[in-house]
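The values are calculated or read from the model by the stated rules, or taken from the named source; none is laboratory data. These figures come from a predicted structure and were not determined experimentally. Note that we place each Cβ from the backbone using ideal geometry, even for glycine, and neighbour counts take in every protein chain shown.
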Amino acid sequence: MEEGHYVRLEDEHHQQHQDPVPTSLLVSLYIGHFLSRWGARTWDFSVGLYMINVWPDSLLMAAAYGVVESATTALFGPLVGQWIDNSTYPKV
């Protein structure tokens, strides 16, 4: 095994897994998640700025985009989550 620091993960029943997870792997996972979320939020912010640039006289399109995006997330988020929970890993 690779030398270094390891973290033991526990499941819901507080049973330790046999294979410890290297700390470097967890750090890479957290950094990847941070960069992914940062990119998604930057995209959301830039779309609003782009719409304001295209239609400078009105904020209606930027507001409509925000409402539609939020509404679709609220309406379809639970459906997609339920589908993922009830599906097998290869199907998802």
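Here are the numbers for the structure shown:
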{"read-out": "Output for the range 19-45, where each listed residue is modelled with pLDDT of 95 or more and of a type in the set (Lys, Arg)", "value": "Arg37"}
{"read-out": "Selected residue (criterion: modelled with the highest pLDDT) from residues of the range 54-92 that are charged (D, E, K, R) and loosely packed, with under 10 Cβ neighbours inside 10 Å", "value": "Asp57"}
{"read-out": "Any hit, the range 31-43, residues being in contact with a Gly (Cβ under 9 Å, 6 or more places away or on another chain) and either among the small types (Gly, Ala, Ser) or part of a helix (DSSP H, G or I) (or both)", "value": "no"}
